[in-house]
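A.B. asks: Pasting a structure below so you can have a look.
The values are calculated or read from the model by the stated rules, or taken from the named source; none is laboratory data. Everything numeric in this text was worked out from a predicted model, so none of it was measured. Here the Cβ positions follow ideal geometry from the backbone for every residue, glycine too, while neighbour counts run over all protein chains shown. We work out accessible area using only protein heavy atoms, side chains counted, and drop any ligands, DNA or RNA first. Shrake-Rupley method; radii C 1.70, N 1.55, O 1.52, S 1.80 Å.
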Amino acid sequence: MKLEETSIYPFIKHAPELCELHKFNRNKYITRVDWGTNDVWYLVSGKVKVEATAQSGKKLLVDLINEDNFVGHLSNWQRQNFYCDSIAMVASTLIRIPEKTFATMMDDMAFSRLFYQKLNARLYDMYKKELIRGLFTQRQQFAFYVIENSRDNICRIHSIYNICEYLKVSRRNLYNLLERFTEDGILQRMETGDIQVLDMPSLQEIAKPVLDFCYNKI
């Protein structure tokens, strides 16, 4: 997506300092808890994950953010603090809005409406993902993940760790799931590490309860 195509562009097009594009390589931090800044970012292209870290060092995936969305310590603007970091999952491009500038922009009713609409949509998406983890089997969830992330029957695998984090399964359980799908002739691991879908109708049948739930077809 280009900056001119984003929802935020009409509000910043006359402010060149806000239109500067910042590029982040994969696995680079965009915000961290200990950086002490409340600047707000906006994702133009790429994908960002939001995660919290327990005292033990364990990482907890909180959210996955797609392009045309706000990024940063957004909970602070609701007088909360989720103590989360934002990390580029793939090469990503963002714009930066300084804290004071963002506070001024929030006085504009149209801009604040955009912000809260984006925020509310993501909150409901987070709730629904949590429900999926409790309502459906790991096999159904994995089938759904592969379908949602496949293009031309190829599911690109950028990181096994990210998939395990998303599905909240161990690496061993993930490989066991994949092995079972392979034995059933539905999936196949490629030499590149990506997953090839050999039998999409069967995969869709397994994922159907999750697909129906996600797309409100029940």
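A.B. asks: Which one of VAL48, VAL44 is touching a helix residue (DSSP H, G or I) at 6+ places or on another chain (Cβ under 8 Å), crowded, with 20+ Cβ neighbours inside 10 Å and in contact (Cβ under 8 Å) with a residue 24 or more places away in the chain?
C.D. replies: Of VAL48, VAL44, the one residue that is touching a helix residue (DSSP H, G or I) at 6+ places or on another chain (Cβ under 8 Å), crowded, with 20+ Cβ neighbours inside 10 Å and in contact (Cβ under 8 Å) with a residue 24 or more places away in the chain is VAL44.
A.B. asks: Sticking with this one: Could you list, in sequence order, the residues of segment 6-49 that are within 28 Å of LYS129 (Cα to Cα), of a type in the set (A, V, I, L, M, F, W, C) and at pLDDT 95 or above?
C.D. replies: Once the filter is applied, which keeps residues that are within 28 Å of LYS129 (Cα to Cα), of a type in the set (A, V, I, L, M, F, W, C) and at pLDDT 95 or above, segment 6-49 yields ILE8, PHE24, ILE30, VAL40, TRP41, LEU43, VAL44, VAL48.
A.B. asks: Mind telling me which of the residues THR6, THR53 ends up being farther than 18 Å from ALA103 by Cα, among the polar types (S, T, N, Q), in contact (Cβ under 8 Å) with a residue 12 or more places away in the chain and crowded, with 18+ Cβ neighbours inside 10 Å?
C.D. replies: None of the others qualify; the one that does is THR6.
A.B. asks: Looking at segment 1-59 only, could you name the residues that are of a type in the set (S, T, N, Q) and in a strand (DSSP E or B)?
C.D. replies: Across segment 1-59, the qualifying residues are THR31, SER45, THR53.
A.B. asks: Continuing with this model, one more query. List the helices (runs of 4 or more DSSP H) inside segment 137-203, counting only whole elements, that have at least 3 residues being of a type outside the set (A, V, I, L, M, F, W, C), open to solvent by less than 20 Å² (accessible area, probe 1.4 Å) and in contact with a strand residue (DSSP E or B) (Cβ under 9 Å, 6 or more places away or on another chain).
C.D. replies: By residue number, no helices (runs of 4 or more DSSP H) qualify.
A.B. asks: Considering only residues that are touching an Asp or Glu at 6+ places or on another chain (Cβ under 7 Å) and surrounded by 14 or more Cβ atoms within 10 Å (Cβ to Cβ), which ones fall in segment 21-31?
C.D. replies: Matches in segment 21-31: THR31 only.
A.B. asks: Given the criteria of a type outside the set (D, E, K, R) and in contact (Cβ under 8 Å) with a residue 40 or more places away in the chain, does TYR83 qualify?
C.D. replies: yes
A.B. asks: What are the residues in segment 85-100 that are open to solvent by less than 70 Å² (accessible area, probe 1.4 Å) and out of contact with any helix residue (DSSP H, G or I) (no Cβ under 7 Å at 6 or more places or on another chain), if any?
C.D. replies: Residues satisfying the conditions are SER86, ILE87, ALA88, VAL90, SER92, THR93, LEU94, PRO98.
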